[in-house]
Amino acid sequence: MAALAFRELSSIRSFLALNGIRTSWAASLRQYHQNDATSGPEGSTGNNSQNTNKDTDVELNKNEKEYDKKIARQILAASLPFVPKSGWTKTALSEGAQTLGYAGITHGMFPQGGVELVNYFYIDCNERLVERLKQEAASRPEGKAPDPELIVCDAVEARLRMILPYLDRWSEAMVLLALPRSVPTSLANLLTLVDDICYYAGDRSVDVRWYSRRLGLATVYKMTELYFIQDQSEDHKATWKFLKQRVEEAVQLQHILHEAGITPKIALDTISSTFDAARSILRLNR
């Protein structure tokens, strides 16, 4: 039973590891396309010709999709400057598309409207944070142990500061992310964020703490995010104080539970189900 749990935790860790869900998902898609392109019957000239045509069609279709994705990313990036005025809406997307000369195509390209703009921004911020964490880890003196609490607090603060240009509109974004159709992607993005932070904070656990630390950090992040959008203090100092207190409390709780050997079955089942659900959702999207 312990060995099975270890293998399951290890497989999930590899699924959500260094670069989070994004890399594993992209690798799965690449492998799928490679298998699809190389599979097929061998033998007759007719079959070979059909296989060649099929491979050509697959490649053309793949290139078209990649081109569409590239254009979509350009439009999403160009739309962000219009968010403070127009919000996370199709209007902002249309204005961004017009600056690139793609007026009139946003309706079909972005059927979910502003939700797709919010998700683009969220993922972009996550990726920028990972680059920052990588650089900080590379510049850390060799042999110097990282301070997990400090890394977590700095990372959450840096990530929340990325919202500042859109702070007046961020409550709208949070509402969009909470819509039922948005929850799968929102959950995956949040779990990717906290997994990256935990990894660069030095967490290499392969037991129940792997789950609990990430769920705990996700809770701290969302609590601090809500505090952040309401904070009127200078440079949001009250938010960073609130964040530090929540992280300290989370660490103390983890320590108490670990020392006491307490792993409530209900809590454990809930944590496991959360991560398993996120993993299943991403597979179903495939």
On the basis of being at pLDDT below 90 and open to solvent by 60 Å² or more (accessible area, probe 1.4 Å), does Thr270 make the cut?
yes
Restricting attention to the stretch 151-188, report how many residues are more than 27 Å from Lys244 (Cβ to Cβ) and without any contact (Cβ under 8 Å) to a residue 12 or more places away in the chain.
3
Between a residue in the stretch 64-93 that is on the phi > 0 side of the Ramachandran plot and any residue that is open to solvent by less than 80 Å² (accessible area, probe 1.4 Å) and modelled with pLDDT of 95 or more, which pairs come within a Cβ distance under 8 Å, given they are 6 or more apart or on different chains?
Gly87/Arg169; Gly87/Glu172
Subset of the stretch 144-176 (residues that are among the hydrophobic types (A, V, I, L, M, F, W, C), open to solvent by less than 70 Å² (accessible area, probe 1.4 Å) and closer than 15 Å to Tyr221 by Cα)
Ile151, Val152, Cys153, Ala155, Val156, Ala158, Leu160, Met162, Ile163, Trp170, Met174
The stretch 95-126, residues that are assigned to a helix (DSSP H, G or I), more than 26 Å from Ala158 (Cα to Cα), open to solvent by less than 40 Å² (accessible area, probe 1.4 Å) and not acidic (Asp, Glu):
Gly96, Ala97, Thr106
Answer residue from the stretch 209-229, given it is hydrophobic (A, V, I, L, M, F, W, C) and within 20 Å of Leu150 (Cα to Cα) and is surrounded by the fewest Cβ atoms within 10 Å (Cβ to Cβ) among those
Met223
Kindly check whether there is at least one residue in the stretch 193-208 that is among the aliphatic types (A, V, I, L, M), touching a residue at least 60 places away in the same chain (Cβ under 8 Å) and open to solvent by 10 Å² or more (accessible area, probe 1.4 Å).
yes
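The values are calculated or read from the model by the stated rules, or taken from the named source; none is laboratory data. Bear in mind that the values here come from a model prediction, so they are computed numbers and not experimental data. With ideal geometry, Cβ positions are generated from the backbone for all residues, glycine too; neighbour counts draw on all protein chains shown. The protein model used for the area step is the full one, side chains on, heavy atoms only, and it has no ligands, DNA or RNA in it. Shrake-Rupley method; radii C 1.70, N 1.55, O 1.52, S 1.80 Å.
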